[in-house]
Every structure is written in C-alpha cells, then in structure tokens.
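The values are calculated or read from the model by the stated rules, or taken from the named source; none is laboratory data. Everything numeric here is computed off the predicted structure, so don't read it as measured data. As a convention, Cβ positions derive from the backbone with ideal geometry for all residues, glycine included, and neighbour counts pool all protein chains shown.
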Amino acid sequence: MQQINRREKISFFLKNMLKGLLWFALLIAAYLIIKNRVAIDYSKWLEPIFSNTFLIFSVYSLSELIFGIIPPELFMIWALRTGSVLDYSFYILLFAIISYIAGLIGFLFGAYLNTTVTYRFIRRRFLGKYHPLLQKYGAFLILVAALTPLPYSGISMLVGSFHYPLKKYLFWALSRFIRFGVYAFIIWKANMF
C-alpha cells in the first residue's frame with residue numbers, strides 16, 4: 001500500500017463529501033420544488049407503491065446489496081410520510097441497520113468468496129476503479145464510503161477480499177449511522193419548508 005499523508009486523505013474525503021452534499025442539495029431542492037410548486041398530486045398516483053412498506057423495504061434492501069443503486073436519501077424522503085418524528089426516526093434506524101448489514105454481507109462475500117468466478121466478475125466489472133483507491137487509502141476508504149456517495153457495499157466487498165480484520169471493519173462501518181442520522185435530520189427539517 002502506498003504511503004500517503006494526512007492532507008491527501010482529508011482532500012480525498014472532502015472531495016467525495018462535497019460531491020455527496022451537492023447531490024444531496026439537488027435532491028432536497030427537487031423535493032421541495034415538487035412538494036411546493038407542482039400542481040399534480042403524485043401521492044395519489046404512487047400511493048399503491050408508497051403504502052406497501054414491505055415493498056419499499058424490499059427494494060431498499062436489494063438496492064443496498066447491489067451497491068446502492070437507489071440513493072438512500074430517496075427512502076428517507078419516503079419515510080417522511082409517517083408524519084411522526086418517532087416513526088420517521090424508527091424508519092431511518094431500520095434503513096441504517098439494513099445498509100450496515102448489506103455492507104457486512106458485501107464484506108463477508110469478498111472475504112470468503114473472493115476466489116469465485118462471480119466475485120472476479122463483480123470486481124472486474126463494477127469495482128475495478130475502486131481497487132487503486134483501496135491500494136492508496138487502505139482502511140480509510142471504509143470511512144469515506146460509509147459517509148459519502150461511494151458505493152458502500154461494493155467498497156466493503158473489496159475491503160473484505162483483502163482480508164481486512166472483521167472487528168476493525170465493523171467499527172469503521174458504524175460511521176454509516178452518522179451519515180443516516182445527519183441526512184435524515186436535514187431532510188426532516190427541509191420538509192418543514
């Protein structure tokens with residue numbers, strides 16, 4: 001692994017965090033525009049889907065397992081429909097737990113199945129561009145992936161394939177809960193506008 005200084009790590013983290021915050025700001029702006037300015041009532045049209053909590057959590061779980069195809073923030077916006085801060089917090093906690101577990105499954109897949117054809121295909125096809133980042137930043141990449149838009153479960157799989165210690169992975173991956181808490185709080189406050 002390359003030796004990098006603290007300044008490079010901070011720069012890498014901030015660059016990815018800014019990308020994430022930009023995406024997040026655009027998402028919040030679009031949500032507020034649709035909520036406050038669009039005359040079409042999408043809630044009636046989407047109600048059959050939105051009212052099916054099992055379907056929402058199934059789609060979310062699948063998305064998190066497949067490298068976060070759908071941004072979790074969209075599901076956080078869906079959770080606003082509860083109207084209650086307690087129910088909203090409960091859903092956010094469930095989303096964070098599912099995401100954490102999806103990362104752990106990715107990590108274990110990488111750790112124990114890294115010699116399979118399936119893993120080699122996934123690594124070549126989807127994770128190839130992250131391999132140099134892991135070589136450069138090492139375990140710091142777990143923290144960055146947990147807090148920014150980098151594909152968290154994909155990075156977890158890659159980290160697992162390098163036989164990173166599970167206990168250390170589980171500790172650094174807990175930062176995923178910070179992201180969910182902060183983003184959920186901002187979404188809740190933005191919904192009041």
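Here are some notes:
- Any hit, region 111-126, residues being polar (S, T, N, Q), farther than 28 Å from ALA190 by Cα and in a helix (DSSP H, G or I): yes
- Residue count for region 57-66, restricted to those that are out of contact with any helix residue (DSSP H, G or I) (no Cβ under 6 Å at 6 or more places or on another chain) and either surrounded by 12 or more Cβ atoms within 10 Å (Cβ to Cβ) or under 13 Å from TYR91 (Cβ atoms) (or both): 5
- Flag for LEU141 being crowded, with 21+ Cβ neighbours inside 10 Å, without any contact (Cβ under 8 Å) to a residue 60 or more places away in the chain and in a helix (DSSP H, G or I): yes
- Candidates ILE98, ILE105, ILE56, filtered to the one that is aliphatic (A, V, I, L, M) and without any contact (Cβ under 8 Å) to a residue 40 or more places away in the chain: ILE56
- Looking only at region 116-138, residues that are of a type in the set (Phe, Trp, Tyr) and without any contact (Cβ under 8 Å) to a residue 24 or more places away in the chain come to 1 in all.
- Checked against the criterion of being more than 30 Å from LEU55 (Cα to Cα) and aromatic (Phe, Trp, Tyr), region 74-87 has no qualifying residue.
- All positions within region 147-178 that are closer than 19 Å to ILE66 by Cβ and in a helix (DSSP H, G or I): TYR152, SER153, GLY154, ILE155, SER156, MET157, LEU158, VAL159, GLY160, SER161, ALA173, ARG176
- Of all residues in region 149-164, those satisfying the criterion of being out of contact with any Leu (no Cβ under 9 Å at 6 or more places or on another chain) and either crowded, with 16+ Cβ neighbours inside 10 Å or modelled with pLDDT of 95 or more (or both) are PRO149, TYR152, TYR164.
Quick grid of which residues meet (1) among the basic types (Lys, Arg); (2) loosely packed, with under 15 Cβ neighbours inside 10 Å; (3) within 29 Å of TYR169 (Cβ to Cβ); (4) at pLDDT below 85:
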site: SER11; (1), (2), (3), (4): no, yes, yes, no
site: LEU46; (1), (2), (3), (4): no, yes, no, yes
site: THR53; (1), (2), (3), (4): no, yes, no, no
site: PRO71; (1), (2), (3), (4): no, no, yes, no
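- Scanning region 22-32 for residues that are within 14 Å of PHE185 (Cα to Cα) and not small (Gly, Ala, Ser) yields PHE24, ILE28.
- Of the criteria (1) touching a Ser or Thr at 6+ places or on another chain (Cβ under 7 Å); (2) within 30 Å of PRO132 (Cβ to Cβ); (3) part of a helix (DSSP H, G or I), which one PHE67 fails: (3)
- Being closer than 21 Å to PHE177 by Cα and of a type in the set (A, V, I, L, M) holds for only one residue in LEU32, LEU18, LEU26, and it is LEU18.
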